1. Would you call residue 70 within 24 Å of residue 279 (Cα to Cα) and in contact (Cβ under 8 Å) with a residue 24 or more places away in the chain?
2. Can you tell which of 296, 290 is in contact with a strand residue (DSSP E or B) (Cβ under 8 Å, 6 or more places away or on another chain), crowded, with 17+ Cβ neighbours inside 10 Å, within 30 Å of residue 252 (Cα to Cα) and outside the structural domain of residue 393 (by TED's automatic domain parsing)?
3. Among the residues of the stretch 10-36, write down those that are within 23 Å of residue 268 (Cα to Cα) and part of a loop (DSSP other than H, G, I, E, B).
4. Which residues, counting only those in the stretch 262-285, are touching a residue at least 40 places away in the same chain (Cβ under 8 Å), surrounded by 15 or more Cβ atoms within 10 Å (Cβ to Cβ) and over 25 Å from the mean Cα position of the chain (by Cα)?
5. Go through (1) surrounded by 15 or more Cβ atoms within 10 Å (Cβ to Cβ); (2) assigned to a strand (DSSP E or B); (3) over 23 Å from the mean Cα position of the chain (by Cα) and name the single condition residue 251 misses.
6. If you scan the stretch 429-452, which residues turn out to be over 15 Å from residue 414 (Cβ atoms), touching a strand residue (DSSP E or B) at 6+ places or on another chain (Cβ under 8 Å) and assigned to a helix (DSSP H, G or I)?
């Protein structure tokens, strides 16, 4: 076997597909009974209701060069989008929204606060000129070259102004860019997806990025459930000779003479490899568990000990016997909804998480899947979910119930808090519930070992763990201290999100190394032939 990929999440499957396209023989070893990692669909509540078990909306997948190059539509993938990508339910009883129709977005924001629609139109006009280069630069192997050069040419005298904007905290970006206070909540809620609080450097950029992608592509979902994205990746891989083996947990990477020579699975079987091992696992799992410490420099072990995961997550799925009764009717057209009173609510919650406090009133990300894909549940019903963040290490619960044991009592109590927040914006929501399923941080990690402590981002995206600092200080690349071993998970640059770039970058690094070995071998052969000729 030329390559072994550990983990059949989207990054692992993208990497495997790229390698088979170049003629490599590839096997993907997955410890769970089904492939997909955090991209799966199941009937969690009531028969006939399809729930996305982990992730659900994929704007980065639709924009990612690595993912789009695979042409997964040829293998059965169908994208669906809701009329509106995003809405924010605030305490003021109005909802700023990103509609897929730019004119409707601008008009809606103008009605809420004159000037806000015009401000968004200006930001989005800039995105239409530079968005493609921004995405390519963000997702390319570090350091990116072509994308930034094109950006510099496009922006010219505005380049420094744009760079300043990318560094702004989202609170400051909102204060500078929007006359009103509510439109900025769209950006701020999206910044929290990347584990960035309203006062953090880069939070403005990530909020802008995700809102602009929503305006450009919507927040697309695979028709039939998130698992259809996984199925398309697997079908493509198998059609080209690759294979996926499930129930195959890798427990050790065999290192010989400083090179990855194969892997050992929990059943004792040894899988040798000729060229490369690509690990779609967390950085801590790779460097602490799979590779013996004697094969790693001390500085790597010390740096990995400082690796920071993002906050934990509680996710609740509901089967509703009718559409969610939002007070603001237009919210029913949005695939994704953020719920937070205002910017200060987001800040207070983020500060509490940093202090280890479980919020009494969590801020929520809500998904109503039927807005984009009506076939997710029987006619007239709704498949809905929400998640909220909780601390990795709990020191205090503002309501005095959650200790961090996350037993049935604590799971259900926190789910009740989440329902109360939705009920405040959708009176009668609880009466519509036909079934509920709750996953606390330990449940998420048991279902997917990469979701350490319920962290869904593969590690915090704060500046100290981005670019050359991800996963540890170095070059921000997929290579590891072990030759032929590559980190292909969200712990690697560019980080979390279903875009496949971490796997693609690892695959390209392996291919480049493979070409280099061929050049070295050919050069050595020529030198040996010359030496023989000279002696003769």
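1. yes
2. Exactly one residue qualifies, and that residue is 290.
3. The answer is 25, 30, 31, 32, 33, 34, 35.
4. 262, 263, 265, 271, 273, 275
5. The single condition residue 251 does not satisfy is (1).
6. Selection gives 432, 447.
The values are calculated or read from the model by the stated rules, or taken from the named source; none is laboratory data. Everything numeric here is computed off the predicted structure, so don't read it as measured data. With ideal geometry, Cβ positions are generated from the backbone for all residues, glycine too; neighbour counts draw on all protein chains shown.
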